[in-house]
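Chemist: Below is the structure I would like to discuss, written out as structure tokens.
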Amino acid sequence: MPNEISSSLFAELPVIVQQHKHPKAHRCDPKAPARVLTPNRLQIELHPSNLESLLPEGHQARLVWIYVEQQNLKGLYDCIKAREGGAGRSAIAPEILLALWLYATIDHVGNPRELARLTLAHDAYRWICGGVQVNYHTLSDFRVDHGSVLDEILSENLAALTAVGVVKLKRAAQDGVRVRASAGASSFRREEKLNEHLTAAREHVQALKQQIETDPGALSRKQAAARVRAAREREERVQAALNCLPEIKEIKQRQGKKAEEARASSTDAEATVMKMADGGFRPAYNIQFATDCDSQIIIGVDVVSLGSDMGQLAPMVEQVQERCQRTPDEWLVDGGYPKHEQIDAVSGKTTLYAPVPEPKSTKKTKTDGDDKTDKPVDKHAPKASDSAAVASWRARMATDEAKALYKDRAAVAECVNAQARNRGLVLLPVRSRAKVKCVALWFALAHNFMRMVKIAPQLLGIGTGTSAMAAMTG
């Protein structure tokens, strides 16, 4: 029988009598060890998902991709050597690299190594890549190799914003921001020292070549090529510093200093020592931004090696005229820009609003007793040496209307500079003025994209609903 079989099988086991106790009677011993759940990080977990499901609708990365798909990237595709029917590895789509750097600039990421890491660890960057692997060498080269394409994209964006009436070019504000260059203060040397370093660099290159020819097996082919390349780059940087010395000497002479005091950096030849916002002197570049006051859209970008804004007015006005096919009706700048030659150069193109500098001395007048007294000089009164444009500027800045209108300058230009600082424009990661111009263009495109999402979402194919609001606050 089943009962008999089971009883015979388990006869030796003790009989457990279940006792039902009241819940309150079951209490733990407070001195017993605590019972907790500890992590087990060796267990295998599966999370099946596709990249499309990683980001919600209206995510900022999605809007960046929509923006990139609307751009004319023919210049980037023309640079690709891999072609259908030919040998070689397929190139990474320019849309991916453009979207990565644009989103990284908005996300305050400026290091290509960090960006490459995020393409593997961050959902937004993984979504942009879409499974395509990107290394930091490719990212670093792409950021600075296509300045003309970035400049063209900026111009096309301005044309689109002007067509929908967002950018009206009624009033523009210009200001410069000095950004620390990637060069050490100790790298600046005079002509004599630079010649010595150039001779030493050339001798080092020749010694490396002779060593490789004498003992080809001492170094691997890759190591030998890397050492020769580093030595040649050192020679090229010193030569570039010597080439920049004549221009630096000319600037020193205009400042009333000795030409022998001119020094150039053997690290970044085009960087110059500038007085920074904190009062210190460091190698830097002066990045110029021109902004439309009504929309706060950047309409002009330039990079100069001078710490002073004097002389940067006319070049920026010409750039905006070429980019937008017209100039703003009014142009606002601070006291560092108004130079008489610059005022004459922009006369007839735009109406300049800039503070008139205070006079350096007072005027002596005679009274009835032939005693000379000090009389304040009216800075707004035209001088005998003033041109018609300068005299008109002086008289214009004396009016209450001009003083009230000039208040828009700080609210626009300083705001753009502050946002660029907040996005990481503090220390330049590249060297040479051309590469710095590319970095400045990336910041301008990122700034204009964020403004476009807010004031012209229809250009991105979105409305003013949840998607646009999420991107603005993301």
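The values are calculated or read from the model by the stated rules, or taken from the named source; none is laboratory data. Only a predicted model underlies this, so the values are computations on that prediction, with no experimental measurement involved. Note: ideal-geometry Cβ built from the backbone for every residue, glycine included; neighbour counts use all protein chains shown. The area values use the complete protein model at the heavy-atom level, side chains included, leaving out ligands, DNA and RNA. Shrake-Rupley method; radii C 1.70, N 1.55, O 1.52, S 1.80 Å.
Chemist: Within region 167-188, how many residues turn out to be of a type outside the set (A, V, I, L, M) and in contact with an Asp or Glu (Cβ under 9 Å, 6 or more places away or on another chain)?
Modeler: Filtering region 167-188 for residues of a type outside the set (A, V, I, L, M) gives 168, 170-171, 174-176, 178, 180, 182, 184, 186-188.
Filter once more, so that each one left must be in contact with an Asp or Glu (Cβ under 9 Å, 6 or more places away or on another chain): 168, 170-171, 174-176, 182, 187.
Residues in region 167-188 being of a type outside the set (A, V, I, L, M) and in contact with an Asp or Glu (Cβ under 9 Å, 6 or more places away or on another chain): 8 in total.
Chemist: One residue is enough: does region 237-250 have a residue meeting the conditions within 19 Å of LEU352 (Cα to Cα) and not aliphatic (A, V, I, L, M)?
Modeler: The first filter runs over region 237-250 and keeps only residues within 19 Å of LEU352 (Cα to Cα), leaving none.
Checking region 237-250: not a single residue is within 19 Å of LEU352 (Cα to Cα) and not aliphatic (A, V, I, L, M).
Chemist: Out of (1) buried (at least 17 other Cβ atoms within 10 Å of the Cβ); (2) touching a Leu at 6+ places or on another chain (Cβ under 9 Å); (3) closer than 30 Å to LEU425 by Cα; (4) in contact (Cβ under 8 Å) with a residue 60 or more places away in the chain, what's the single condition that is false for PHE188?
Modeler: If we test PHE188 against (1) buried (at least 17 other Cβ atoms within 10 Å of the Cβ); (2) touching a Leu at 6+ places or on another chain (Cβ under 9 Å); (3) closer than 30 Å to LEU425 by Cα; (4) in contact (Cβ under 8 Å) with a residue 60 or more places away in the chain, just (2) comes out false.
Chemist: I'd like the residue in region 277-302 that is of a type in the set (A, V, I, L, M, F, W, C) and farther than 14 Å from GLN174 by Cβ and, out of all such residues, is nearest to the chain's Cα centre (by Cα). Don't jump to the end; show me each part of the working.
Modeler: Just the residues of region 277-302 that are of a type in the set (A, V, I, L, M, F, W, C), to begin with: 277, 281, 284, 287, 289-290, 293, 297-299, 301.
Narrowing further to those that are farther than 14 Å from GLN174 by Cβ: 277, 281, 284.
Values: ALA277: 18, PHE281: 22, ALA284: 14 Å.
Once the filter is applied, the top-ranked residue is ALA284.
Chemist: Residue under question is SER308, and the condition is that it be free of Cβ contacts under 8 Å to residues at least 40 places away in the same chain and either basic (Lys, Arg) or out of contact with any Gly (no Cβ under 6 Å at 6 or more places or on another chain) (or both); does it hold? Break it down into steps so the answer makes sense when it comes.
Modeler: Values: free of Cβ contacts under 8 Å to residues at least 40 places away in the same chain: yes; either basic (Lys, Arg) or out of contact with any Gly (no Cβ under 6 Å at 6 or more places or on another chain) (or both): yes.
Yes.
Chemist: Identify, from the list GLN206, GLN210, GLN223, the residue that is free of Cβ contacts under 8 Å to residues at least 40 places away in the same chain, within 30 Å of ARG113 (Cβ to Cβ) and surrounded by fewer than 18 Cβ atoms within 10 Å (Cβ to Cβ).
Modeler: Just a single option satisfies the conditions, and that option is GLN223.
Chemist: For residues in region 243-276 being modelled with pLDDT under 85 and either within 30 Å of GLU213 (Cβ to Cβ) or among the small types (Gly, Ala, Ser) (or both), which is nearest to the chain's Cα centre (by Cα)?
Modeler: Only one residue fits best here, namely ALA262.
Matching residues to (1) farther than 17 Å from ASP334 by Cα; (2) among the acidic types (Asp, Glu); (3) surrounded by fewer than 17 Cβ atoms within 10 Å (Cβ to Cβ); (4) without any contact (Cβ under 8 Å) to a residue 40 or more places away in the chain:
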position	(1), (2), (3), (4)
MET397	no, no, no, no
ARG409	no, no, no, no
CYS415	no, no, yes, no
LEU427	yes, no, yes, no
LYS435	yes, no, no, no
PHE443	yes, no, no, no
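Chemist: While we're on this one: Pull up region 156-178, narrow it to residues that are open to solvent by less than 20 Å² (accessible area, probe 1.4 Å) and assigned to a helix (DSSP H, G or I), then point me to the one that is nearest to GLY335 (Cα to Cα).
Modeler: So, considering only residues that are open to solvent by less than 20 Å² (accessible area, probe 1.4 Å) and assigned to a helix (DSSP H, G or I), the one nearest to GLY335 (Cα to Cα) is LEU158.
Chemist: Given the structure, is SER182 among the polar types (S, T, N, Q), surrounded by fewer than 13 Cβ atoms within 10 Å (Cβ to Cβ) and closer than 21 Å to PRO283 by Cβ? Outline the logic, then answer.
Modeler: On the way: among the polar types (S, T, N, Q): yes; surrounded by fewer than 13 Cβ atoms within 10 Å (Cβ to Cβ): no; closer than 21 Å to PRO283 by Cβ: yes.
So SER182 does not fit the description; no.
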